[in-house]
Amino acid sequence: EVNIGFKKYFVGVDFGWEHYGSMVVMGLGLDNKYYLLKEYAYQHKDIDEWINIAKDIVKEYGSINFYCDTARPDYINKLKVNGIRAINARKEVLEGISTIATLFKTNKLLILEDNVNIFKTEIYNYVWAKGKDEPIKSSDDVLDSLRYAIYTDMKLTGNTFNRNKYGI
């Protein structure tokens with residue numbers, strides 16, 4: 001267990017079916033580092049099952065923000081109807097990825113390894129499309145929800161950092 005205090009918690013959500021759907025619980029520590037605390041990643045779960053997972057998360061962490069993939073407005077709406085604070089995620093791919101990369105490089109994003117599984121396979125399989133400024137869309141479902149969570153939270157709270165400072 002991480003023995004540091006947290007300023008806040010929030011969740012990134014990437015809906016899926018054949019692709020993994022995932023919810024990642026993030027914490028922003030008093031040390032200003034982001035922690036991936038818990039990953040829920042499954043195939044073939046319908047929205048009602050995700051709602052139950054979201055309710056369990058709320059039971060544990062309180063009524064926190066769920067930053068959701070905007071590809072399924074119907075799912076976002078169902079979460080809202082069920083009392084979940086579902087918010088449209090900011091999905092700028094390059095900006096989001098470079099934000100996550102910068103956090104990793106500067107040791108400001110830490111992963112609780114025991115609580116993640118799919119994340120570990122994805123992080124090593126994340127590849128860029130040849131000659132394109134974008135990643136290949138496979139093995140990235142948990143990573144997408146991580147990106148939605150952190151990037152959206154930063155944008156909404158104005159908690160951005162200066163990438164130039166790190167030469168990125």
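The values are calculated or read from the model by the stated rules, or taken from the named source; none is laboratory data. Note that the structure is predicted; figures quoted are calculated from it, not measured. No Cβ is skipped: glycine too gets one built from the backbone with ideal geometry, and neighbour counts run over all protein chains shown. Note: areas computed on protein heavy atoms with side chains; ligands, DNA, RNA excluded. Shrake-Rupley method; radii C 1.70, N 1.55, O 1.52, S 1.80 Å.
Here is how the numbers come out for the structure above:
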{"quantity": "Residue, most open to solvent (accessible area, probe 1.4 Å), within region 3-50, restricted to residues that are without any contact (Cβ under 8 Å) to a residue 40 or more places away in the chain, in a strand (DSSP E or B) and over 20 Å from Gly96 (Cβ atoms)", "calculated": "Lys7"}
{"quantity": "Residue that is surrounded by the most Cβ atoms within 10 Å (Cβ to Cβ) [pool: residues in region 54-67 that are part of a helix (DSSP H, G or I) and within 15 Å of the chain's Cα centre (by Cα)]", "calculated": "Ala54"}
{"quantity": "Matching option when the condition is over 21 Å from Phe6 (Cα atoms) and in contact with a helix residue (DSSP H, G or I) (Cβ under 7 Å, 6 or more places away or on another chain), among Leu36, Leu79, Leu94", "calculated": "Leu79"}
{"quantity": "Filter result (modelled with pLDDT under 95 and either hydrophobic (A, V, I, L, M, F, W, C) or over 17 Å from Gly16 (Cβ atoms) (or both)) within region 71-94", "calculated": "Ala71, Arg90, Glu92, Val93, Leu94"}
